[in-house]
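Throughout, read-outs are computed from the coordinates displayed, never taken from laboratory work. Keep in mind the model is a prediction, meaning the values are calculated, not measured. No Cβ is skipped: glycine too gets one built from the backbone with ideal geometry, and neighbour counts run over all protein chains shown.
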């Protein structure tokens, strides 16, 4: 089973992310290196959402959210975690 973490982003996300990007990416890369995070990235035009695909349980994803500087510094206005029922791939 996969979990989809969806972030809703602030309007000025691109301008505000620079100061926090290295810390955010380090957290994401560490999760990817452990095999927990498969894919992650923002949706452009407009940059209003980001999607992260996980292979771990909900508690692990919630721990990521709690540690993510984008969340704690207000770049993320809301987030959801949902199971993703993959049927192809």
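Structure data summary
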quantity: Failed item in (1) over 12 Å from the mean Cα position of the chain (by Cα); (2) closer than 16 Å to residue 65 by Cβ, with residue 8 passing the rest; calculated: (1)
quantity: The lone exception for residue 47 - which of (1) in contact with a helix residue (DSSP H, G or I) (Cβ under 8 Å, 6 or more places away or on another chain); (2) assigned to a strand (DSSP E or B); (3) more than 16 Å from residue 4 (Cβ to Cβ) it fails; calculated: (2)
quantity: Test: residue in the range 2-18 that is touching a helix residue (DSSP H, G or I) at 6+ places or on another chain (Cβ under 9 Å), without any contact (Cβ under 8 Å) to a residue 40 or more places away in the chain and surrounded by 15 or more Cβ atoms within 10 Å (Cβ to Cβ); calculated: no
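Conditions tested, residue by residue: (1) touching a helix residue (DSSP H, G or I) at 6+ places or on another chain (Cβ under 9 Å); (2) farther than 14 Å from residue 8 by Cα.
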residue: 29; (1), (2): no, yes
residue: 33; (1), (2): no, yes
residue: 36; (1), (2): yes, yes
residue: 57; (1), (2): no, yes
residue: 66; (1), (2): yes, yes
residue: 73; (1), (2): yes, no
residue: 76; (1), (2): yes, no
residue: 88; (1), (2): no, yes
